[in-house]
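Participant: This structure is in structure tokens; I'll ask about it shortly.
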Amino acid sequence: MNVPNSLTILRILLVPVFVGLLIYQRYDASLAVLLIAGLTDSLDGTIARVANQRTRLGAYLDPLADKLLLTSGFVTLSVLHLVPLWVVILIVSRDTILLTGTLLARITESRVDISPTVLGKGTTLFQLLYLILVVALASRSMDLRLLQPLLYSMVALTLLSGFHYVYRGYLQVSADEA
């Protein structure tokens, strides 16, 4: 167990704290937890690269931690009517499709590259930024319609990265079959 993996596990452990605070509408505290989780995400990757502490476990845990935090946040905020349900359906569907494709590739012993792309990282960044701003505006009882340009940009990036990952996987599986 190294420092980057410990930070990733901390991020996973922060998920139920974040969700609980949201449910009880403790928006300032939930925002602080979300920011700490975002900081651990930045730190674990930086430390892993700089200290050459990349591990196979970390390669799986880091995106899992991101997905747990983001999905839990979006679902909870949707239940609280702060994020449109259709956005949650889109995000969860994209992630489910990608996970299913990855599992099918593993089961069929197809070679599949699960490394994140620039579009994937951008999507994660926009989703996290949107979550942070929704919680921040909710804590100040501000109009969430202010975030609509960011919302539509995040949705477009989510769709684009999803299609890109599916296309990349299709090319890899096709190359393996040829």
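Participant: Where nothing but the Cβ of Lys and Arg (+1) and of Asp and Glu (-1) is charged, how large is the charge dipole of the stretch 1-145 around its Cα centre, in debye to the nearest 20?
Facilitator: Numbers: 12 positive and 9 negative charges, 21 e Å.
So the magnitude is around 100 debye.
Participant: Relative to the present Cα-Cα distance, how much length would full extension add between E109 and S153 at 0.36 nm per residue of separation?
Facilitator: The span from E109 to S153 would gain 12.3 nm if fully extended.
Participant: Another question about this same structure. What is the Rg over Rh value, at two decimals, for the chain, using alpha-carbon atoms and the Kirkwood definition of Rh? The partial results should precede the final answer.
Facilitator: Values: Rg = 17.0 Å, Rh = 17.2 Å.
Taking Rh as the inverse mean 1/r over Cα pairs, Rg/Rh reads 0.99.
Participant: Would you calculate the separation in nanometres between label points at T117 and L99, each defined as 7 Å from the Cα along the Cα-to-beta-carbon direction?
Facilitator: 2.1 nm
Participant: Counting only helical runs of four or more DSSP H residues, what would the 222 nm mean residue ellipticity of the chain come to if each run contributes -39,500 (n - 2.57) and the total is spread over all its residues?
Facilitator: -28500 deg cm²/dmol
Participant: Another one. With an 8 Å Cα cut-off and a minimum separation of 6 or more residues, compute the relative contact order for the stretch 3-177 in percent. Mind dumping the intermediate values first?
Facilitator: Details: 153 pairs, mean separation 45.3, N = 175.
Result for the stretch 3-177 is 26 percent.
Participant: Still on this structure, I have one more. Quick one: if the Förster radius is 25 Å, what FRET efficiency do S141 and A32 give, using the C-beta to C-beta distance and rounding to 0.05? Walk me through the numbers before you get to the answer.
Facilitator: Working: r = 18 Å, r/R0 = 0.72.
For R0 = 25 Å, the calculated efficiency reads 0.90.
Participant: With the crude spin-label approximation of a point 7 Å out along Cα→Cβ, what separation in nm comes out for I12 versus H81?
Facilitator: Once both label points are built, they end up 3.6 nm from each other.
Participant: Give a residue-ordered list of calculated ³J(HN,Hα) values for the stretch 102-109 (Karplus: 6.51 cos²θ - 1.76 cosθ + 1.60, θ = phi - 60°; whole Hz; x for Gly, Pro).
Facilitator: 5, 5, 4, 5, 5, 4, 7, 6
Readers should treat all values here as calculations from the given coordinates under stated rules, not as data from a laboratory. Predicted, not measured: the structure shown is a model, and the values here were computed from it. When we count neighbours, we look across all protein chains shown, and the Cβ atoms used for this are built from the backbone with ideal geometry, even at glycine.
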